[in-house]
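Peer 1: I am attaching a structure below and will ask some questions about it afterwards.
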Amino acid sequence: MPRIDDPSPAATPPAIQPDTPALVVAFAAAGGEAARQALHDLRLPGLQRLLHLLQPAGRDDASELTLTPPHERAWARERGWRGADGTVPLAAWLAQDTGLDGGLDGSNTEPWCLLTPVHLHMGTEQVSMLPPEALQLDALASRQLFDAIHPLFDSEGLALHWLGPQQWLVRHPMFDGLPTASLDRVIGRNVDRWLPDAPQARLLRRLQNEVQMVLYTHALNDERERRGQLSVNSIWASGSGRAPVSSPRADVAALETGLRAAALGEDWAAWREAWQALDAGTLRDWAARAEAGEPLRLVLCGERSAAHFECQPRSLWQRWRARWNRPEPTAVLETL
């Protein structure tokens, strides 16, 4: 896990209006010179039009070493989360949405964690995680691996549930308040610094080691390697915690992830193309809704920061000024 002085956000985003639609754009910007060059001369007329119609409404600034990236913080706050870094309860929400736990009002909720089957690449100097999508794991193969590790969790009193090829849920009291790193923080990076190191995670770390040994000798992985596929050699724990007692409607906030794959793969040509597609589609539609007078929120997220924008009443002078002071999208994105 990263050691930094203060991993929590440095600024508090605006209060959430539960019934106001919000669009949270993940990976709208990224760090590094190559990413900055990709922003150069990128024309985004849909975003420019939308920013012209909305007003700045606060920022969420933090380190790029926080366990929870800005887009997950922003989306979770739309759902009523106000927790510490690394405790966005993605697993608990999945459990609620699938009827495994409590009601949508958060009553009778349990602490949950999301387990994702992954491939860890053993390099000469570090162990890094490949994108889980690279496994191309189907339901049948996933169930075989899930069934193989299930007894390990049963023996320790952890309730394991299969939701999908890349979504396994586990319930146990140790996940209540346990900080875990988002997959989006770890992909392509050295996993050692992101492993949970809280005392309550000792059992989880031991189980992860035992899972790795089971997967290493599993016949399915031998077959995958013979076919030239990546082996499934570990699991990653994320999204741990207990859901808030009450949450705004989940369908009010949309998390736009169309830029994610290219950004995590550092394919900046593809990232520019994805930005242009997003701009010509979703953002143009949202600009039309804003022009029609619909109250909206927009959150643009990078690796460190999130910039919030929303519809706010404006005086005649403010409207006149806005006609001549249109924000340049790239200037906004470079601050993230």
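Peer 1: To the nearest 0.05, how large is the calculated FRET efficiency for E33 and A159 if R₀ is 51 Å and r is the Cβ-Cβ distance?
Peer 2: 0.65
Peer 1: Determine the distance separating the Cα centre of segment 274-314 from the Cα centre of segment 131-166; give it in Å without decimals.
Peer 2: 37
Peer 1: Applying 1/(1 + (r/R0)^6) with R0 = 45 Å to the Cβ-Cβ distance of R189 and E291, what FRET efficiency is obtained, to the nearest 0.05?
Peer 2: 0.65
Peer 1: Taking the Cα centre as origin and putting +1 on Lys and Arg beta-carbons and -1 on Asp and Glu beta-carbons, what dipole magnitude results for the chain, to the nearest 20 debye?
Peer 2: 840
Peer 1: Turning to a different aspect of this structure: Please give the net charge around L140, taking every other residue with its beta carbon less than 14 angstrom from that of L140, where Lys and Arg add +1 and Asp and Glu add -1.
Peer 2: That sum, taken over residues with Cβ under 14 Å, equals -1.
Peer 1: With a cap of 16 neighbouring Cβ atoms within 10 Å, and only residues DSSP puts in a loop, list the GluC sites (Glu not before Pro) found in segment 62-164.
Peer 2: Loop-located and lightly packed - E64, E125, E156.
Peer 1: Separate question: Quick check on the exposure proxy: order T180, T66, T335, T330 from fewest to most C-beta atoms within 10 angstrom.
Peer 2: In order of increasing Cβ crowding within 10 Å: T335, T330, T66, T180.
Peer 1: Another question about this same structure. So how much slack lies between T335 and Q126, counting 0.36 nm per residue of separation and subtracting their Cα-Cα distance, in nm?
Peer 2: Working it through step by step, the gained length comes to 72.2 nm.
Peer 1: Amide H neighbours of S234 under 5 Å, counting only residues 5+ apart in sequence or on other chains, H built in-plane at 1.01 Å?
Peer 2: V118, L120
Peer 1: Which percent, to the nearest 5, of DSSP beta bridges fully inside the chain are antiparallel?
Peer 2: 75
Peer 1: Tell me, what is the percent relative contact order of segment 81-247, built from C-alpha pairs under 8 Å that lie six or more residues apart?
Peer 2: After rounding, I find 40 percent.
Peer 1: I need S142, S155 ordered by Cβ neighbour count within 10 Å, fewest first.
Peer 2: S155, S142
Peer 1: While we're on this one: For the chain, what relative contact order do you get, as a whole percent, if you take Cα pairs closer than 8 Å and at least 6 residues apart?
Peer 2: 36
Peer 1: Cut-off is 10 Å between beta-carbons; in what order do V214, V252 appear when sorted fewest neighbours first?
Peer 2: With the fewest neighbours first, V214, V252 line up as V214, V252.
Peer 1: Could I ask something else about it? Work out, step by step, the length gained on full extension between E273 and L203: first 0.36 nm times the residue separation, then minus their alpha carbon distance; give nm to one decimal.
Peer 2: So the extension gain works out to 20.8 nm.
Peer 1: How much length is gained on full extension from A148 to D97, taking 0.36 nm per residue of separation minus their Cα-Cα distance?
Peer 2: Length gained between A148 and D97: 15.8 nm.
Peer 1: If you don't mind, there's one more thing I want to ask. With θ taken as phi - 60° and the coefficients 6.51, -1.76 and 1.60, list the Karplus ³J(HN,Hα) couplings across segment 141-149 in order, rounded to whole Hz; mark glycine and proline as x.
Peer 2: Calculated HN-Hα couplings, in order: 5, 4, 5, 5, 5, 4, 5, 5, 8 Hz.
Peer 1: Name all residues of segment 276-308 having a backbone nitrogen under 20 Å from the label point set 7 Å from the Cα of H40 along its Cα→Cβ direction, giving them as ranges.
Peer 2: Residues passing the 20 Å test: 276.
Peer 1: Rank A253, A269, A57 by mean-square fluctuation in a GNM of the chain with C-alpha springs under 10 angstrom and give only the top-ranked residue.
Peer 2: Answer for the Gaussian network model of the chain: A269.
Peer 1: Tell me whether segment 188-234 comes out rounded, prolate or oblate; compute the Cα gyration tensor, take square roots of the eigenvalues as a ≥ b ≥ c, and use a/c under 1.5 as the rounded threshold.
Peer 2: oblate
Peer 1: Please give the FRET efficiency for T20 paired with A280, using the beta carbon to beta carbon distance and R0 = 22 Å, rounded to the nearest 0.05.
Peer 2: Result of the calculation: an efficiency of 0.35.
Peer 1: Can you tell me how segment 81-247 classifies by the Cα gyration tensor, rounded, prolate or oblate, using a/c under 1.5 as the rounded cut?
Peer 2: Taking the square roots of the gyration eigenvalues as a ≥ b ≥ c, segment 81-247 is prolate.
Only the coordinates and a few stated rules stand behind these numbers; no lab work does. Because the structure is predicted, anything quoted here is derived from the model rather than measured. Here the Cβ is made from the backbone with ideal geometry for all residues, glycine too, and neighbour counts use every protein chain on show.
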